[in-house]
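Worksheet: the structure to be examined is printed underneath.
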Amino acid sequence: MGDSAERLERDARREVIATALAMSRSGLSPGRSGNVSCRWNDGMLITPSGMAYEETKPRDIVFVDGDGNVPDAKARKPSSEWRFHLAAYRGRADIGAVVHTHSLHATVLACAHKSIPPFHYMIAVAGGKDIPLVPYDTFGTDQLADYVQAGLAERDACLMANHGQIAVGRDLPTALELAHEVEVLSTQYAKLLTIGEPHLLTDDEMERVLERFKTYRQNAQNT
């Protein structure tokens with residue numbers, strides 16, 4: 001590996017740590033919960049298992065190859081959730097980063113087995129007419145990875161039953177921003193449910209919103 005490649009990898013490792021710290025410090029994932037990864041070569045760079053983010057150094061970030069192996073025998077153990085991170089990358093070539101959090105209100109809805117319907121047009125930020133809920137399975141399992149991959153097939157975020165939320169994006173800032181938005185929407189929806197039955201936007205309106213979001217995103221990327 002040349003100096004340039006090593007520098008790029010070191011920068012990527014630092015960005016994973018910075019994202020994990022931002023996730024934790026903002027309250028999206030308390031303590032050591034949650035995990036962060038970015039696509040790298042044929043696999044990914046992911047936060048290690050059980051380490052406090054404040055103590056994590058670039059050398060602690062783990063490279064997991066496309067087959068789920070850790071080539072470096074001296075590397076730390078990857079996050080116990082590495083399987084669904086890798087499944088997300090396998091499922092969609094456009095994904096460059098994954099942020100998984102146990103944010104308060106998203107987790108409340110996930111534990112109530114409630115998806116988030118189109119009560120507000122900003123639901124479209126996740127790429128569809130709702131933010132789906134994927135079924136529960138034990139953390140770290142292949143079955144959970146399959147559920148997450150299916151949930152992200154046509155969405156950029158989903159809730160995970162009795163667990164939390166996951167958000168993806170073309171890069172780490174995009175994925176983290178979406179995770180924040182999912183928590184905002186979860187908070188609004190959870191509070192709305194305490195008032196009464198929500199009034200949902202129609203499929204036709206959400207189609208219009210999704211079309212406008214495409215133009216909005218293109219314009220934002222071109223500015």
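The values are calculated or read from the model by the stated rules, or taken from the named source; none is laboratory data. This is a predicted model, so every value here is computed, not measured. Using ideal geometry, Cβ is built from the backbone for each residue, glycine included, and neighbour counts are taken over all protein chains shown. Please note that ligands, DNA and RNA were not included when accessible areas were found on the heavy atoms of the full protein model with its side chains. Shrake-Rupley method; radii C 1.70, N 1.55, O 1.52, S 1.80 Å.
Which condition from (1) within 27 Å of R155 (Cβ to Cβ); (2) modelled with pLDDT of 95 or more; (3) surrounded by fewer than 20 Cβ atoms within 10 Å (Cβ to Cβ) is the one that G27 breaks?
The one condition G27 does not meet is (2).
For (1) more than 30 Å from L192 (Cα to Cα); (2) touching a residue at least 24 places away in the same chain (Cβ under 8 Å), each residue gets a yes or a no:
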| position | (1), (2) |
| --- | --- |
| N69 | yes, no |
| F84 | yes, yes |
| A93 | yes, no |
| L104 | no, yes |
| T107 | no, yes |
| H113 | no, yes |
| I116 | no, yes |
| F119 | no, yes |
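Scanning region 5-23 for residues that are small (G, A, S) and modelled with pLDDT of 95 or more, which turns out nearest to W40 (Cα to Cα)?
Only one residue fits best here, namely A12.
Filter region 56-98 for residues that are of a type in the set (A, V, I, L, M, F, W, C), open to solvent by 40 Å² or more (accessible area, probe 1.4 Å) and out of contact with any strand residue (DSSP E or B) (no Cβ under 7 Å at 6 or more places or on another chain) and give the result. Working first, answer last.
Our first condition is that a residue be of a type in the set (A, V, I, L, M, F, W, C); within region 56-98, this holds for 61-64, 70, 73, 75, 82, 84, 86-88, 93, 95, 97-98.
Narrowing the set further to residues that are open to solvent by 40 Å² or more (accessible area, probe 1.4 Å) leaves 63, 70, 73, 82, 93.
Result: A73, A93.
Of all residues in region 172-223, how many are at pLDDT below 95, open to solvent by less than 60 Å² (accessible area, probe 1.4 Å) and assigned to a helix (DSSP H, G or I)?
2
Among the residues of region 1-33, which ones are farther than 21 Å from V64 by Cβ, touching a residue at least 60 places away in the same chain (Cβ under 8 Å) and polar (S, T, N, Q)?
S26
How many of the residues in region 99-120 are open to solvent by 40 Å² or more (accessible area, probe 1.4 Å), closer than 14 Å to E181 by Cα and either touching a helix residue (DSSP H, G or I) at 6+ places or on another chain (Cβ under 8 Å) or of a type in the set (D, E) (or both)?
Matching residues across region 99-120 total 3.
If the requirement is being touching a Pro at 6+ places or on another chain (Cβ under 7 Å) and buried (at least 16 other Cβ atoms within 10 Å of the Cβ), which of these qualifies: G169, G151?
Criteria check complete, one pass: G151.
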